[in-house]
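Below you'll find the structure, written out as structure tokens, and then a few comments.
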Amino acid sequence: MLVAGLCCLLWGSAYPSIKLGYVAFHILPEDIASKYVFAGYRFSLAGILLLLLYRVGFRRKLKLSGREWASLSILGVLQTGLQYMFFYVGVANTTGVKGSIMNATTTFFSVVLAHFIYKNDKLSRNKIMGCVLGFIGVIIVNFHADLLTFSFSFTGEGFIIMAALVFSITAIYAKRLTAAIDVMMITGVSLLAGGLVLTLLGVSLGGQVTHFTWESSLNLVYLALLSSVAFCLWNLLLKYNKVGKVSVYNFLIPIFGALLSALFLGETIWELKNLIALILVSVGIYLVNRVSSLRMTKSR
């Protein structure tokens, strides 16, 4: 619970951090190519830091078979590259509060996918109720403050949902890889591979990241560190726990993301729609997690 909570806190902090990074590096809202370069630098640095720690800190060899290198590269292209192609554009086209709540769809996708893939991770009445309540919360946050006008942008909220779907699918693939490959290697190689893909894509489209100052550089380093720590711990959790049980904690991301966006970006969180959405998302966490707890008790 504590490790999952830490991961969600770090990912929640990414929403204001990315927006502050756009400002610090002078990346304009319409400059998608430079956003990809920014994301590529972040994940490439995160992957390099993890692999250096693995090789120098733990003194382990970076030794994998050709098939394992290929598997990790595919994971990196999808989990890091494809996911963040959607995510970085989506974050730029919505508020940090709204984007973080929309990202709660990750939990729903993971719980539903686990039902069809794992025999011991099936949907139940409470899980379905929790997912439905959470989805209602996601819908409500797309209304304006008066709760009468609906607002949804495909390249904003839509891209956040697409990123959540990609993350849910690739998390299941990552869980399979943890059976034979060290978690730190999986995370390091996949982050580096995805980061290189994003960087090359952004540069090929004419993107660039300049204006390196102490402020912007620290922002980039923080984003890289939160990625390396959060993804490594999350993959470790997936190795030893059910996907549905771990994924339910993703509901904490919108809570942390909304609070941190309000704190660092000055965005309004004390709107009726945001409070209702956060309450519904929190109840969704409780219902899905309550099922897991009951099953654990019975299995004992």
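Exactly one residue out of Leu220, Leu191, Leu238, Leu225 is open to solvent by less than 10 Å² (accessible area, probe 1.4 Å), modelled with pLDDT of 90 or more and in a helix (DSSP H, G or I): that is Leu191. The residues in the range 135-160 that are within 17 Å of Ser110 (Cα to Cα), crowded, with 21+ Cβ neighbours inside 10 Å and modelled with pLDDT under 75 can be counted, and the count is 1.
The combined condition, being touching a Pro at 6+ places or on another chain (Cβ under 8 Å), surrounded by fewer than 22 Cβ atoms within 10 Å (Cβ to Cβ), in a helix (DSSP H, G or I) and aliphatic (A, V, I, L, M), is fulfilled by Leu263. For the range 1-49, the set of residues classified as open to solvent by less than 20 Å² (accessible area, probe 1.4 Å), closer than 17 Å to Gly81 by Cβ and modelled with pLDDT of 90 or more consists of Ala33, Ser34, Lys35, Val37, Phe38, Ala39, Gly40, Arg42, Phe43, Ser44, Ala46, Gly47, listed by residue number.
Can you tell me which residue is nearest to Phe116 (Cα to Cα) among those in the range 205-217 that are open to solvent by 80 Å² or more (accessible area, probe 1.4 Å) and either part of a loop (DSSP other than H, G, I, E, B) or touching a residue at least 24 places away in the same chain (Cβ under 8 Å) (or both)? I'd like the intermediate steps shown before the answer.
Narrowing the range 205-217 to residues open to solvent by 80 Å² or more (accessible area, probe 1.4 Å): 205, 208, 211-212, 214-215.
Still in the list and also either part of a loop (DSSP other than H, G, I, E, B) or touching a residue at least 24 places away in the same chain (Cβ under 8 Å) (or both): 205, 208, 211-212, 215.
Details: Leu205: 39, Gln208: 42, His211: 48, Phe212: 47, Glu215: 46 Å.
My answer is Leu205.
Look at (1) open to solvent by less than 70 Å² (accessible area, probe 1.4 Å); (2) more than 12 Å from Val189 (Cα to Cα) and you find that Lys61 fails only one, number (1).
The values are calculated or read from the model by the stated rules, or taken from the named source; none is laboratory data. Being a predicted model, the structure only gives us computed values, none of them experimental. Every residue, glycine as well, gets a Cβ built from its backbone with ideal geometry; the counts of neighbours run over all protein chains shown. Quick note on the areas: whole protein, heavy atoms, side chains included, nothing else; ligands and nucleic acids left out. Shrake-Rupley method; radii C 1.70, N 1.55, O 1.52, S 1.80 Å.
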